[in-house]
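The values are calculated or read from the model by the stated rules, or taken from the named source; none is laboratory data. What you see is a predicted model, and the numbers here were worked out from it, not measured in a lab. Neighbour counts are summed over all protein chains in view; Cβ atoms, including those assigned to glycine, are modelled from backbone coordinates with ideal geometry.
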Amino acid sequence: MQTLSFVSEERFAVEPDELWPLVSDTQRLNQAIGLQAVQYTQSSRPEGGSVLTGEFRKWGMLWARWTEHAFDFVKPEHYRVLREYSVGMLISLDGGVVLTPESGGVRVTVWADIVPRNQLGWAVAKWWVGPASTGRVIAQCRIFEGYIHQQRANAFPQLEVDAEVDNRRLDELAVRLKSDAPDSGIVDRLVEMLRKAPDDRVFGMRPFELADRWGVDRHETLVVFLRATTAGLLDLHWDVLCPNCRIPKARYGRLQDLQEQAHCETCNITFDANFDRLVEVRFTVCPSIRTTNVGIFCVGGPQNVPHVLAQVELSPSTSVEWPIPAGGKAYRLRSAQSAGAAILEVDDLEKGPTSFAVTASGFAPPSARVAPGHAALRIENRLETTAVVALEQQFWPDTAATAAVVSTLQDFRDLFSSEVLAPGMQIGIERLTICFSDLAGSTALYEQLGQARAFRLVHVHFHLLEDAVRSNRGAVVKTIGDAVMAVFSSANAALAAAIAMQRSMRDLNAVEGFDLDQLLKIGIHCGPCVAVNLNDRLDYFGTTVNMAARTQHEARGGEILLTDYARLEPGVDDIIQAEAGMHESFEVMLRGIGHPVVLHRLSAFAAASPSPSSAVGGQPTFAASDIASPTA
């Protein structure tokens with residue numbers, strides 16, 4: 001039958017970059033304009049990738065089934081999707097949105113081309129589907145405009161529902177949580193969200209993203225969410241993300257249920273789970289507080305993959321040209337139908353267009369320097385099959401509370417001590433900072449002070465070190481004799497904690513006849529390691545852990561030694577310049593390491609005011625009287 005074409009357009013006083021995140025959020029947009037929830041299944045393509053099939057069922061009947069092609073989009077210019085129906089009143093629906101910049105605003109054009117299957121389909125398309133799918137999007141953009149100009153509190157007011165919330169229980173648990181949480185203001189925001197937010201906003205919550213939206217500290221927000229879980233407000237779960245599409249592909253309620261590998265049906269790949277990027281903690285409102293019903297309205301829209309800047313489905317021997325995005329340093333071209341990706345490095349000195357070809361073995365060329373701005377990026381499909389090509393940001397945002405980050409928090413280890421990997425499970429971590437401390441001359445300490453007083457001093461020193469680690473957002477993994485092993489998500493946090501540890505030793509200076517200023521020695525190293533379950537504790541092993549321990553062994557009392565790897569981490573030099581009175585570099589052979597290692601020695605740390613031990617968590621300092629008697 002004849003194709004029916006529909007177009008609606010309107011100008012809005014907002015910038016394309018402001019409107020794009022809202023109008024391209026097709027999961028929420030489709031729900032807001034009144035479309036029904038649907039079901040999707042995926043089947044693998046032999047050449048790579050998958051075929052997406054959608055279905056709409058109501059009253060126990062199948063009303064429509066279609067093959068959904070990959071979205072064609074360029075951020076923030078346009079998006080388009082094609083559905084080809086095998087069941088239902090339509091043969092195909094091809095539609096999308098175009099954002100055209102105009103002086104002081106943007107013109108939004110919403111279009112749809114519909115091919116009906118029969119007369120009933122023609123009537124439905126003519127009088128409902130076509131006008132509704134275009135006109136309602138424009139009407140929604142008016143709401144978006146008001147939201148962007150802060151004239152509306154919500155970009156999707158249609159999604160606000162009167163949820164069935166147990167307000168009495170919510171209020172009782174909130175009061176209990178406030179007495180234990182680091183920031184009661186964050187608790188208030190969380191409670192308000194659990195009470196009023198749409199179902200999809202209280203399912204799979206990401207604390208770092210919410211912290212940024214609320215303008216509050218990320219770490220304190222994560223701690224509130226962890227404590228809210230133990231209080232019974234939230235459920236914690238671990239999501240495993242695909243390294244390509246970055247969409248959760250597996251969900252586990254406990255770390256011990258985590259599998260070493262996961263499969264993405266969309267990308268048709270199997271991948272290893274790792275703690276750095278691919279395993280992320282998310283939170284959902286506890287069912288005893290509120291039930292949720294999150295439907296699926298779209299799975300392939302641009303905001304489902306916000307790291308993808310452009311995407312297209314190319315037939316064999318066809319090509320596309322995209323503008324090269326400005327503002328980034330590196331991008332990646334990939335296709336599920338190709339064995340390799342191409343890396344694009346942005347270079348202001350480059351001029352002119354850049355061309356790539358998609359082949360079965362990879363992109364040709366595999367890398368190139370490209371000019372930012374409006375120079376054309378041309379991609380040609382040389383495969384004998386259709387290829388879906390994506391241009392994406394190469395870096396991963398830091399808005400995910402990954403397992404690597406969460407497991408370095410003392411609050412997590414205290415609150416969720418049972419959260420460990422299954423016995424024998426080994427999960428890789430690309431980068432973690434390990435800190436070891438030990439006491440220099442502990443044998444002489446015990447001989448000089450006596451067993452009881454020395455034991456008490458060591459016990460107090462453990463408390464001081466744990467305070468320093470906690471206040472710098474690290475976690476104590478274990479103690480080994482007089483030694484402490486701690487982990488941090490960054491080297492600068494580990495160094496700040498180490499300096500706080502050294503300064504805290506001065507709180508014990510009143511012990512006669514022993515220079516406690518020269519008691520503690522510390523080593524720091526960062527690199528890849530493996531997370532394991534050791535003695536029912538989340539632990540780590542590998543060369544990085546060994547090097548950190550060997551580095552600490554080279555230190556003298558009162559010193560901190562960093563490897564060159566740790567020294568080169570962002571922010572470390574700033575701390576050294578500001579806090580370390582003396583520092584020098586030297587080369588040494590560490591036991592078990594087959595090559596010389598450059599170490600950096602730090603000492604003579606200026607006194608802090610207030611001292612870390614007295615400032616962290618309101619903990620008191622320890623004086624000689626605290627260790628004068630073994631029964632004190």
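Going through (1) part of a helix (DSSP H, G or I); (2) touching a Phe, Trp or Tyr at 6+ places or on another chain (Cβ under 8 Å) one by one, Asp414 falls short only on (2). The residue that is nearest to Glu345 (Cα to Cα), counting only those in the stretch 366-413 that are in contact with a helix residue (DSSP H, G or I) (Cβ under 7 Å, 6 or more places away or on another chain) and polar (S, T, N, Q), is Thr399. Within the stretch 8-37, being part of a loop (DSSP other than H, G, I, E, B) and either at pLDDT 95 or above or not assigned by TED's automatic domain parsing to the domain that holds Phe71 (or both) holds for Ala13, Val14, Glu15, Ser24, Asp25.
Does Glu265 count as at pLDDT below 90 and within 25 Å of Gln393 (Cβ to Cβ)?
Yes: the conditions hold for Glu265.
Of Val469, Val477, all but one fail to be within 20 Å of Leu415 (Cα to Cα), of a type in the set (A, V, I, L, M, F, W, C) and part of a strand (DSSP E or B); the exception is Val477.
Scanning the stretch 154-181 for residues that are at pLDDT 90 or above and of a type in the set (Gly, Ala, Ser) gives Ala155, Ala174.
Among the residues of the stretch 15-49, those that are β-branched (Val, Ile, Thr) and surrounded by 21 or more Cβ atoms within 10 Å (Cβ to Cβ) comprise Val23, Thr26. Checking the stretch 539-555 against the condition returns no match, with no residue being surrounded by 15 or more Cβ atoms within 10 Å (Cβ to Cβ) and modelled with pLDDT under 90.
Gln448 meets each of the listed conditions (1) part of a helix (DSSP H, G or I); (2) touching a Phe, Trp or Tyr at 6+ places or on another chain (Cβ under 7 Å); (3) buried (at least 22 other Cβ atoms within 10 Å of the Cβ); (4) in contact (Cβ under 8 Å) with a residue 40 or more places away in the chain apart from (3). Residue by residue through the stretch 306-346, note down the ones that are surrounded by fewer than 21 Cβ atoms within 10 Å (Cβ to Cβ) and of a type in the set (Phe, Trp, Tyr). Trp322, the sole residue that qualifies.
Taking the conditions exactly as written (in a loop (DSSP other than H, G, I, E, B) and either modelled with pLDDT of 85 or more or assigned by TED's automatic domain parsing to the domain that holds Ala548 (or both)), does His595 satisfy them or not? So His595 passes the test.
The set of residues in the stretch 281-333 that are modelled with pLDDT of 95 or more and of a type in the set (Lys, Arg) contains only Arg282.
Taking strands (runs of 3 or more DSSP E) as the structural unit, those lying wholly within the stretch 153-271 and holding at least 3 residues that are surrounded by 17 or more Cβ atoms within 10 Å (Cβ to Cβ) and not assigned by TED's automatic domain parsing to the domain that holds Gly34 correspond to 234-241, 248-252.
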